[in-house]
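The values are calculated or read from the model by the stated rules, or taken from the named source; none is laboratory data. Worth saying up front: this structure is predicted, and the values here are computed from it rather than measured. We place every Cβ from the backbone using ideal geometry, glycine too, and count neighbours over all the protein chains shown.
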Amino acid sequence: MNTPASLGPGGRRFWEGIRESRTVPATSYALVLNACRIIDRLDEISEMFDNDELSLTVTNDRGDEVANPLLGELRQQTLALNQILKTLGFGKLEETGSAADTFDTEFKALLDAENG
């Protein structure tokens, strides 16, 4: 299972972590790839907010200040990623102290840190 060249840093880390710590059936590769792409998308949007390239609020056509629509997209992508991770069985640790246990713990900490 080679790392797809199209993945960004976050997606690549996730893909490689999966490859090193899990046995993924061939039927689940599309889910793993989609999870990686979502991670990259979340990273990209979050980075734009962090670097002040995007504002948390925008002015709509009526002149009202409203939440940036990309905040909703972040939420939707996070929910989609959560569903994929559940489908792949993350959170169901096979054995304490295993590589999968370490990877799940590190990935959860990363998500918690990113989501505040």
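Quick notes on this one:
- On the stretch given as the range 47-94, residues that are among the charged types (D, E, K, R) and more than 20 Å from Gly11 (Cβ to Cβ) total 8.
- Some residue of the range 98-115 being loosely packed, with under 10 Cβ neighbours inside 10 Å and at pLDDT below 90: yes
- Residue match in the range 70-78 (condition: out of contact with any Leu (no Cβ under 7 Å at 6 or more places or on another chain) and either in contact (Cβ under 8 Å) with a residue 60 or more places away in the chain or assigned to a loop (DSSP other than H, G, I, E, B) (or both)): no
- Flag for Ser6 being within 16 Å of the chain's Cα centre (by Cα) and not in a helix (DSSP H, G or I): yes
- Test set (1) at pLDDT 90 or above; (2) surrounded by fewer than 17 Cβ atoms within 10 Å (Cβ to Cβ); (3) of a type in the set (Val, Ile, Thr) - Val32 fails condition number: (2)
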